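Novice: Take a look at the following structure, please.
The values are calculated or read from the model by the stated rules, or taken from the named source; none is laboratory data. Only a predicted model underlies this, so the values are computations on that prediction, with no experimental measurement involved. So basically every Cβ, Gly included, is an ideal-geometry build from the backbone, and we count neighbours across all protein chains shown.
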């Protein structure tokens, strides 16, 4: 099984298809979760590394099987996805589209029984949200606390797009306290930022300026 891929990100679609050019002239198509697209958009043209899962898609009876690679920003994201797709009705493709928020935030929602948030995810209605909570609640504590370094509550101002931008910076290896400081400074300078990738870019401008 291919467990990790590293190379230059040469193409990325909004639908979550990333093309990664590795050594030897090979370029691999890797399917990534919705939440990873914003982070990877900022790294287009750069060398990236993804934790991967490999599976075969198609009809085994007809012998028409196509190998697919799924890519994740961190091993923890990959492990969460493996648990998430154990829920009846959540296929691998559906799971990728549904993961439009960071894994830590989704895990926290599942652990707290927040069916309202879960039902707002792409392709996840009320019935599936209830099934997710029934199947996984009590099993995802390690993921819910991973991003914060422990199961501490998230302040109200760190929700929505701010939260997504914060998790992107943390997944890239920045300390949570530093990332919060940079994001807060960036939004103080430009309050009308509305997209996570815009906030991340502005936060890194602050980082480069003040450290």
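Novice: Against the conditions (1) touching a residue at least 12 places away in the same chain (Cβ under 8 Å); (2) in a loop (DSSP other than H, G, I, E, B); (3) on the phi < 0 side of the Ramachandran plot; (4) over 14 Å from the mean Cα position of the chain (by Cα), where does residue 61 fall short? Just the number, please.
Specialist: (1)
Novice: Kindly indicate the residue of the range 12-42 that is assigned to a strand (DSSP E or B) and surrounded by 15 or more Cβ atoms within 10 Å (Cβ to Cβ) and also nearest to the chain's Cα centre (by Cα) among those meeting that condition.
Specialist: 31
Novice: Which condition does residue 66 not pass, out of (1) surrounded by 13 or more Cβ atoms within 10 Å (Cβ to Cβ); (2) free of Cβ contacts under 8 Å to residues at least 40 places away in the same chain; (3) out of contact with any helix residue (DSSP H, G or I) (no Cβ under 7 Å at 6 or more places or on another chain), if it passes all the others?
Specialist: (1)
Novice: State whether one or more residues within the range 104-117 are outside the structural domain of residue 178 (by TED's automatic domain parsing), at pLDDT below 90 and touching a helix residue (DSSP H, G or I) at 6+ places or on another chain (Cβ under 6 Å).
Specialist: yes
For (1) at pLDDT below 95; (2) not in a helix (DSSP H, G or I), each residue gets a yes or a no:
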site	(1), (2)
66	yes, yes
82	no, no
86	no, yes
97	yes, no
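Novice: Among the residues of the range 190-211, how many are more than 18 Å from the chain's Cα centre (by Cα) and surrounded by 11 or more Cβ atoms within 10 Å (Cβ to Cβ)?
Specialist: Residues in the range 190-211 being more than 18 Å from the chain's Cα centre (by Cα) and surrounded by 11 or more Cβ atoms within 10 Å (Cβ to Cβ): 8 in total.
Novice: Take the residues of the range 179-200 that are touching a helix residue (DSSP H, G or I) at 6+ places or on another chain (Cβ under 8 Å) and outside any helix (DSSP H, G or I): which is nearest to residue 169 (Cα to Cα)?
Specialist: Among residues in the range 179-200 that are touching a helix residue (DSSP H, G or I) at 6+ places or on another chain (Cβ under 8 Å) and outside any helix (DSSP H, G or I), the one nearest to residue 169 (Cα to Cα) is 195.
Novice: Looking at the range 101-140 only, could you name the residues that are in a loop (DSSP other than H, G, I, E, B), surrounded by 19 or more Cβ atoms within 10 Å (Cβ to Cβ) and without any contact (Cβ under 8 Å) to a residue 24 or more places away in the chain?
Specialist: If the condition is that a residue be in a loop (DSSP other than H, G, I, E, B), surrounded by 19 or more Cβ atoms within 10 Å (Cβ to Cβ) and without any contact (Cβ under 8 Å) to a residue 24 or more places away in the chain, then 121 is the only one that fits.
Novice: Tally time: how many residues in the range 69-85 are within 16 Å of residue 139 (Cα to Cα) and touching a helix residue (DSSP H, G or I) at 6+ places or on another chain (Cβ under 7 Å)?
Specialist: Residues meeting the conditions: 7.
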